[in-house]
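The values are calculated or read from the model by the stated rules, or taken from the named source; none is laboratory data. Quantities reported herein were computed from a predicted structural model and do not represent experimental measurements. Ideal geometry is used to build each Cβ from the backbone, glycine not excepted, and the neighbour counts take in all protein chains shown.
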Amino acid sequence: MEVLILPTPEEVGRVAADRITSVVRAKPGAVLGLATGSSPQAIYAELARRVRDGSLDLALTRAFALDEYVGLPVDHPQSYAAVIARDVVGPLGMDPQRVRVPDGLSEDVERTTAEYELAIARAGGIDIQLLGIGANGHIGFNEPTSSLASRTRIKTLAPQTRADNARFFASLDEVPMHCITQGLGTILDARELLLVAQGEGKADAVAHAVEGPVSSMWPASALQLHPHATVILDEPAASRLA
Ligand code: F6R
């Protein structure tokens, strides 16, 4: 695992955007794994700037989101389908037909999740998977105790995750109880993993992920099992590393 510690959250975004840019320049039809939430916003802003100035073209890329809430209407502004469409696909000039988000309204979750796995495999697998990290060490919505071999499935959100994400909703009660998430095994199948974290609130989780034993209690520690994982941190997020 390569760990980069940078002076500002903006630098984290720029260096992570450099990594994605070089993957796409080498393979214009690259398959990207997309994260939502605050952590990747600086990366998306930097990629959007490069698309606008003509130095990067993402039109041929394909993409799969990591996760989706269960039960939010697709047009709910905080459904990840809406977030990805608004904050990623549009500004980055991606083709909406080539971008998939798990269906959080499916009435047959088992079929939906199996199809999601199949779609990733048919696309040739994910070339670079972008990840944030929860304060409890989750990646995607693989909460503590998730199997390291897990595949895309329905999960219950941890109370801490619901509380942390309540900032995107009018109240805690509005945050869904369940989600569909790529599994840790699904994430580990990507050819390259890129985890970004900013701020002191992530410092404990980052220390467990990078320096702790590999444990389902700290799901991000699964990155230690991957041959090509990069962790990009600002100084507060790195502050509890030895
Ligand atoms: C989002 C996701 C989550 C977030 C994590 C950190 O698609 O998979 O693992 O990356 O909850 O969220 P932020 O970045 O909002 O602190």
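Screening Val74 on (1) modelled with pLDDT under 95; (2) within 12 Å of the ligand (Cβ to nearest atom) shows it passes everything except condition (2). Screening Leu72 against (1) buried (at least 16 other Cβ atoms within 10 Å of the Cβ); (2) under 18 Å from the mean Cα position of the chain (by Cα) leaves a single unmet condition, (2). For the stretch 24-50, a residue qualifies if it is surrounded by 18 or more Cβ atoms within 10 Å (Cβ to Cβ), in contact (Cβ under 8 Å) with a residue 60 or more places away in the chain and away from the ligand (no atom under 16 Å from the Cβ), and the qualifying residues are Ala30, Val31. Ser79 satisfies every condition listed in (1) touching a residue at least 40 places away in the same chain (Cβ under 8 Å); (2) closer than 25 Å to Ala17 by Cα except (1).
Determine if the stretch 54-69 includes at least one residue that is part of a helix (DSSP H, G or I) and of a type outside the set (D, E, K, R). No - not one qualifying residue is present in the stretch 54-69.
You will find that of Gly125, Gly137, Gly183, the residue that is at pLDDT 95 or above and within 11 Å of the ligand (Cβ to nearest atom) is Gly137 and no other.
Number of residues in the stretch 202-242 that are among the basic types (Lys, Arg) and either farther than 22 Å from Ile43 by Cα or part of a loop (DSSP other than H, G, I, E, B) (or both) equals 1.
Residues in the stretch 112-156 that are in a loop (DSSP other than H, G, I, E, B) and either of a type in the set (D, E, K, R) or free of Cβ contacts under 8 Å to residues at least 12 places away in the same chain (or both): 3 in all.
Scanning the stretch 157-175 for residues that are small (Gly, Ala, Ser), surrounded by fewer than 17 Cβ atoms within 10 Å (Cβ to Cβ) and either within 14 Å of the ligand (Cβ to nearest atom) or touching a residue at least 60 places away in the same chain (Cβ under 8 Å) (or both) returns Ala163, Ala166.
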